[in-house]
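Structure record follows, encoded as structure tokens.
The values are calculated or read from the model by the stated rules, or taken from the named source; none is laboratory data. These numbers come from a predicted model, not from an experiment. Reconstructed Cβ throughout: ideal geometry from the backbone, glycine too, with neighbour counts over all protein chains shown. These accessible areas exclude ligands, DNA and RNA; they are computed on the full protein's heavy atoms, side chains included. Shrake-Rupley method; radii C 1.70, N 1.55, O 1.52, S 1.80 Å.
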Amino acid sequence: MARHFTRTITTPAAARMSRDWNRPLVSLLTDFGSRDPSAGIMRGVVLGIAPEALIVDISHDVDDYAVADGALLLWCALPYMPIGSHVAVVDPGVGTERRGVALETARGDYLIGPDNGLLIPGATRLGGIVRAHLLENTAYRLPVVSSSFHGRDLFAPAAAHLALGVPLEVLGPPLDPMELVALDWPEPWIGDGELATSVIYVDTFGNVKLSALAAELEEALVSAGSAGRLELFAGHPDLPATSSREITWSNTFGGVPVGEPLIMSDSYGRLCLAVNQGSAAELLGLRAGSEVWVRAGGQARTLVASGEAPTVSFTADVREAGAPSVDEAFTPPSAPWDVAPEPTWMARTPLPEPQPDAAREAEWSPEPAPEPEPEPAPEPEPAPEPDPPPEPVPEWSPESEPQPEPEPEPEPAPEPEPEPEPEPAPEPRPKPMRRPPAKLEPVQWQRESGVKKTEEEARAAWKAISGE
């Protein structure tokens with residue numbers, strides 16, 4: 001980006017005090033949103049490399065693929081961040097040939113992200129780019145780099161290592177800062193009593209951020225002697241279909257009645273259109289890419305030559321997407337504006353058609369065309385040479401007929417191996433025989449018991465024992 005921002009940012013005194021500890025700082029800005037885990041994964045990768053790091057989430061709600069929006073938010077936030085490593089990922093070209101870069105600024109910060117213009121305005125706000133290096137050293141990235149999540153695999157590891165003190169030149173080869181991709185950010189045009197600019201961002205409250213700074217409007221109106229009343233054009237003021245309205249310059253939202261629009265300098269020094277307790281984008285019908293002109297109230301516009309006419313709107317792709325252009329009528333949803341009358345200088349008188357000069361016509365006469373030269377007769381083509389006689393075909397004989405090769409005899413099939421005999425089933429074990437209880441005869445009982453009794457006593461005792 002060619003323009004340099006000169007607004008001075010002063011770091012508070014407490015931030016310049018020396019401390020015994022020096023914890024590394026990493027900030028994150030992405031368009032990942034808060035629904036998916038991508039932002040949290042990047043925080044985890046940083047903490048895995050630098051466990052003591054302080055992590056600041058600037059924003060993860062940048063509009064999808066809106067590189068200019070992400071650049072503006074980074075431009076706004078970086079001057080208020082401590083010196084550290086700042087990662088920004090709004091990367092529609094992830095996985096393509098676009099490069100990953102790390103930039104060192106004059107303030108001492110490192111900016112890490114894709115080379116698509118996202119980092120340039122923020123680096124300029126921090127004093128400019130001192131060095132630029134490509135991220136090509138595989139030792140300072142995750143082992144596997146995907147084709148769709150370089151914020152996790154490439155940028156977060158590089159930022160963590162830089163925050164720990166790894167030298168920038170270790171991450172990859174140097175790159176000329178002039179070779180970095182520039183951001184397609186429209187430049188304002190400053191005229192005599194008027195300013196041409198474009199809408200670059202609409203915030204949550206509907207405030208319309210313009211590409212011009214408040215100081216540039218002051219420069220345009222320094223000779224106008226305006227008493228605070230300005231005229232706002234939503235489009236080129238020379239087109240009859242462009243609507244205009246008066247708007248008040250105010251330093252605060254409450255400087256105008258509720259529902260009334262105003263033009264002011266926002267908290268970052270940028271020119272801003274707002275509505276007291278309302279949305280300027282809805283009231284004025286503006287969106288990103290819209291062309292806006294501001295002129296001192298009651299002042300006639302100085303004519304500008306066609307070669308000096310400014311071009312402040314976005315590219316044709318943005319206009320085709322629906323952004324108002326100088327070729328479209330501006331019709332706000334409410335508060336009809338007074339249509340500017342068509343300037344008298346725009347009325348064009350048709351020029352007379354040129355008449356032929358009779359004297360020149362009389363003197364002029366067409367010259368006779370030269371006669372064509374006769375074409376030479378074509379030379380006769382040489383007669384073709386006769387074809388050589390065909391070679392004689394040999395007569396057929398049984399010996400000349402190719403004999404078929406004998407088929408090889410088939411190899412005998414191998415004899416099948418004998419099947420192993422099945423093992424005999426084990427014989428069942430015989431059940432043990434239970435020995436019946438022995439019955440002792442009286443004489444045997446008398447002998448085994450060792451008691452001598454008469455036969456009658458022995459029988460009586462036996463009957464008592466055996467139960468007979």
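The condition of being touching a residue at least 60 places away in the same chain (Cβ under 8 Å), open to solvent by less than 40 Å² (accessible area, probe 1.4 Å) and not in a helix (DSSP H, G or I) holds for V199.
Here the range 133-144 is the region considered, the condition is being under 16 Å from L171 (Cα atoms) and assigned to a loop (DSSP other than H, G, I, E, B), and the residue that is most open to solvent (accessible area, probe 1.4 Å) is P143.
For first residues located in the range 128-143 and touching a residue at least 12 places away in the same chain (Cβ under 8 Å), partners that are of a type in the set (F, W, Y) and lie 6+ apart or on another chain with Cβ distances below 8 Å form the pairs L135/F155. Each residue in the range 145-180 was checked for being open to solvent by 20 Å² or more (accessible area, probe 1.4 Å) and assigned to a helix (DSSP H, G or I), and 9 pass.
The rows are residues; the columns are (1) in contact with an Asp or Glu (Cβ under 9 Å, 6 or more places away or on another chain); (2) closer than 23 Å to G117 by Cβ; (3) modelled with pLDDT of 85 or more.
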{"position": "A196", "(1), (2), (3)": "yes, yes, yes"}
{"position": "G206", "(1), (2), (3)": "yes, no, yes"}
{"position": "A214", "(1), (2), (3)": "yes, no, yes"}
{"position": "L232", "(1), (2), (3)": "yes, no, yes"}
{"position": "H236", "(1), (2), (3)": "yes, no, no"}
{"position": "A241", "(1), (2), (3)": "yes, no, no"}
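How many residues does the range 98-132 hold that are assigned to a loop (DSSP other than H, G, I, E, B) and of a type in the set (G, A, S)? Number satisfying all stated conditions: 5.
Residues of the range 181-190 that are touching a Ser or Thr at 6+ places or on another chain (Cβ under 8 Å) and either surrounded by fewer than 16 Cβ atoms within 10 Å (Cβ to Cβ) or over 15 Å from E291 (Cβ atoms) (or both): D184 alone. Examine the range 35-52 for a residue that is open to solvent by less than 10 Å² (accessible area, probe 1.4 Å), within 28 Å of R270 (Cα to Cα) and either outside any strand (DSSP E or B) or touching a residue at least 12 places away in the same chain (Cβ under 8 Å) (or both), and state whether such a residue exists. No, because not a single residue in the range 35-52 is open to solvent by less than 10 Å² (accessible area, probe 1.4 Å), within 28 Å of R270 (Cα to Cα) and either outside any strand (DSSP E or B) or touching a residue at least 12 places away in the same chain (Cβ under 8 Å) (or both).
Only one of the listed residues (G70, G127, G93) is on the phi > 0 side of the Ramachandran plot and either touching a strand residue (DSSP E or B) at 6+ places or on another chain (Cβ under 8 Å) or modelled with pLDDT under 95 (or both). That residue is G127.
Of everything in the range 74-93 that is open to solvent by less than 40 Å² (accessible area, probe 1.4 Å) and under 16 Å from the mean Cα position of the chain (by Cα), the residue that is farthest from L119 (Cα to Cα) is G93.
Among the residues of the range 80-97, those identified as in a loop (DSSP other than H, G, I, E, B) and touching a residue at least 40 places away in the same chain (Cβ under 8 Å) are M81, P82, I83, G84, V90, D91, V94, G95.
The single residue among L154, L183 that is more than 19 Å from I83 (Cα to Cα), at pLDDT below 95 and under 22 Å from the mean Cα position of the chain (by Cα) turns out to be L183.
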